[in-house]
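Asks: Take this structure first; my questions come after.
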Amino acid sequence: MYKVLLDGSKDTVTSILKDIFKNISFSNEESKLLQSKLKKSDFRKGDFLLQPSEYIDKIYYVYSGCLRSYFIDNEGKEHTLQFAIKDWWISDYISLYGNSTSTSVSYIECIKKATVYGISKKEFDIICYDYPSIGQFYIKKMEAAFATFQKRILENLTLSAKDRYLNFISMYPDIESNVKNYHIASFLGITTESLSRIRKELAND
């Protein structure tokens, strides 16, 4: 499934590094190091990047497509944790950063044909330490992700279902054509019936 980034042509490799690490200029040494560590993976719609109880030690950059991470509770209900589209990062953060388990607790499903680049968290931590520009880049990415997750928690506590949906389509303007209604409903914490009702209300406004 995985393919080392270095296997591509020089121009393609340079383009991909610029796409992932925007506004960072790399030396030849840095480029070669990243090329040796990043692993390409192509997924078809319906494939799983990760399932519960699998060993997890990587973070993934989404180069194209759309993925969804979700958790299934004891009653069989799905709870969508994150959608990841181009230029987003995704992983099982509970297991990767929680220090309580090295196996995943969530699913990461490809809901649109996707290409991702994975890198070991341990190796990436070393790269970030040795090359501060890369470390600062990733810190900013994680800060933005943390702010997004916290904003979502606050919205779920304070906003109506309709307002949460409006915020969702504002953040993911092109995603609705790629995901099922129950995906969106589980992300918003509402039923599919409520989602349909909200859409009808908005269509009639």
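The values are calculated or read from the model by the stated rules, or taken from the named source; none is laboratory data. The structure displayed is predicted, hence computed values, not measured ones. Backbone-built Cβ (ideal geometry, glycine too); neighbour counts: all protein chains shown.
Asks: Pull up the range 156-177, narrow it to residues that are in a helix (DSSP H, G or I) and among the small types (Gly, Ala, Ser), then point me to the one that is farthest from ILE190 (Cα to Cα). I'd like the intermediate steps shown before the answer.
Replies: Just the residues of the range 156-177 that are in a helix (DSSP H, G or I), to begin with: 156-158, 161-171.
Among the residues that remain, those that are also among the small types (Gly, Ala, Ser) are: 161, 170.
Numbers: ALA161: 7, SER170: 18 Å.
Ranking the candidates gives SER170 first.
Asks: Right, next: Could you list, in sequence order, the residues of the range 135-165 that are touching a residue at least 24 places away in the same chain (Cβ under 8 Å) and over 18 Å from the mean Cα position of the chain (by Cα)?
Replies: Correct list: ASN156, ALA161, LYS162, ARG164, TYR165.
Asks: Sort through TYR70, TYR131, TYR60 and tell me the only one that's crowded, with 19+ Cβ neighbours inside 10 Å and either touching a residue at least 12 places away in the same chain (Cβ under 8 Å) or hydrophobic (A, V, I, L, M, F, W, C) (or both). Give the derivation first.
Replies: Values: TYR70 fails: crowded, with 19+ Cβ neighbours inside 10 Å; TYR131 fails: crowded, with 19+ Cβ neighbours inside 10 Å.
One residue alone meets the criteria, TYR60.
Asks: So is TYR61 at pLDDT 90 or above and of a type in the set (Ser, Thr, Tyr) or not? Give the derivation first.
Replies: Values: at pLDDT 90 or above: yes; of a type in the set (Ser, Thr, Tyr): yes.
Yes: the conditions hold for TYR61.
Rundown of residues vs (1) in contact with a helix residue (DSSP H, G or I) (Cβ under 9 Å, 6 or more places away or on another chain); (2) within 16 Å of ILE85 (Cα to Cα); (3) surrounded by 15 or more Cβ atoms within 10 Å (Cβ to Cβ), yes/no style:
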site	(1), (2), (3)
ASP19	no, yes, no
GLU30	yes, no, yes
LEU33	yes, no, yes
SER41	no, yes, yes
PHE48	no, yes, no
GLN51	no, no, no
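Asks: So is ASP19 at pLDDT below 95 and closer than 29 Å to MET171 by Cα or not? I'd like the intermediate steps shown before the answer.
Replies: Values: at pLDDT below 95: yes; closer than 29 Å to MET171 by Cα: yes.
Taking the combined requirement at face value, the residue satisfies it.
Asks: Out of the residues in the range 162-205 that are β-branched (Val, Ile, Thr) and modelled with pLDDT of 90 or more, state the one that is nearest to GLU109 (Cα to Cα). Lay out the reasoning, then the answer.
Replies: If we filter the range 162-205 for residues that are β-branched (Val, Ile, Thr), which is where we start, we get 169, 175, 179, 184, 190-192, 198.
The next check asks that each one be modelled with pLDDT of 90 or more; those that pass are 184, 190-192, 198.
Values: ILE184: 14, ILE190: 21, THR191: 21, THR192: 20, ILE198: 26 Å.
Selected residue: ILE184.
Asks: So, one more: Out of curiosity, is LYS40 in contact with a Phe, Trp or Tyr (Cβ under 6 Å, 6 or more places away or on another chain), in a strand (DSSP E or B) and at pLDDT below 95?
Replies: Working: in contact with a Phe, Trp or Tyr (Cβ under 6 Å, 6 or more places away or on another chain): yes; in a strand (DSSP E or B): yes; at pLDDT below 95: yes.
So LYS40 passes the test.
Asks: Now a separate question. Please determine, by comparing only the residues of the range 150-193 that are β-branched (Val, Ile, Thr) and exposed (fewer than 12 other Cβ atoms within 10 Å of the Cβ), which one is nearest to PHE83 (Cα to Cα).
Replies: The first filter runs over the range 150-193 and keeps only residues β-branched (Val, Ile, Thr), leaving 153, 158, 169, 175, 179, 184, 190-192.
Filter once more, so that each one left must be exposed (fewer than 12 other Cβ atoms within 10 Å of the Cβ): 153, 158.
Details: ILE153: 15, THR158: 21 Å.
Filtering first and then ranking leaves ILE153.
Asks: Quick one: would you say ILE119 is crowded, with 16+ Cβ neighbours inside 10 Å, touching a Cys at 6+ places or on another chain (Cβ under 7 Å), touching a residue at least 40 places away in the same chain (Cβ under 8 Å) and farther than 28 Å from LYS180 by Cα? Talk me through it step by step, then tell me what you get.
Replies: Values: crowded, with 16+ Cβ neighbours inside 10 Å: yes; touching a Cys at 6+ places or on another chain (Cβ under 7 Å): no; touching a residue at least 40 places away in the same chain (Cβ under 8 Å): yes; farther than 28 Å from LYS180 by Cα: yes.
Judged against the criteria, ILE119 is not a match.
Asks: Looking at LYS86, is it of a type in the set (Lys, Arg) and surrounded by 14 or more Cβ atoms within 10 Å (Cβ to Cβ)?
Replies: Values: of a type in the set (Lys, Arg): yes; surrounded by 14 or more Cβ atoms within 10 Å (Cβ to Cβ): yes.
So LYS86 passes the test.
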